[in-house]
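Taking it in order: structure first as structure tokens, then the write-up.
Values quoted throughout were computed directly from the atomic coordinates according to the rules given, and no laboratory measurement underlies them. What you see is a predicted model, and the numbers here were worked out from it, not measured in a lab. Neighbour counts run over all protein chains shown; Cβ positions are idealised from the backbone, glycine included.
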Amino acid sequence: MRRTVLEKFPAGDPRGSRHAEQYARHRRDEGLAAEVVMDLESDAFLVVVPQQQQTGRHW
């Protein structure tokens with residue numbers, strides 16, 4: 001599944017993923033299917049949403 005990153009938060013923050021979780025909650029309140037994932041390579045929490053599948057034919 002492909003995802004779009006909405007925001008990136010450093011994992012080294014003293015409050016951990018709290019800011020990312022709050023940001024994701026606000027996006028969910030707006031109707032987006034936002035979730036928080038950990039990107040180990042960049043040591044950051046990412047707020048992501050699934051990309052919409054395009055419908056129709058691609059020529």
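By other beta-carbon atoms within 10 Å, ranking Leu46, Leu6 with the fewest at the front produces Leu6, Leu46.
Think of each Lys and Arg Cβ as +1 and each Asp and Glu Cβ as -1; about the Cα centre, that makes the dipole of the chain roughly 260 debye. Of the labelled figures [x] 23, 58, 18, 1; [y] 17, 18, 17, 15, 12, 9, 6, 5, 1; [z] 24, 45, 20, 9, 2, only one reflects P(r) over Cα pairs in 10 Å bins from 0, in percent as derived from the coordinates, namely [z]. Where only DSSP H runs of four or more residues are counted, the chain gives -6500 deg cm²/dmol as its mean residue ellipticity at 222 nm, each run worth -39500 (n - 2.57). Taking the fewest neighbouring Cβ atoms within 10 Å as the starting point, the ordered list for His26, His19 is His26, His19. Against the chain, whose longest principal axis comes from its Cα atoms, helix 18-29 is set at around 30 degrees. Once each of the trypsin sites (Lys or Arg not before Pro) sitting in a DSSP loop with at most 12 other beta-carbon atoms within 10 Å is removed, the chain keeps 16-56 as its longest stretch. Place a point 7 Å from the Cα of Gln51 along the Cα-to-Cβ direction; which residues of the range 4-34 have their backbone N under 11 Å from it? The answer is 4-5.
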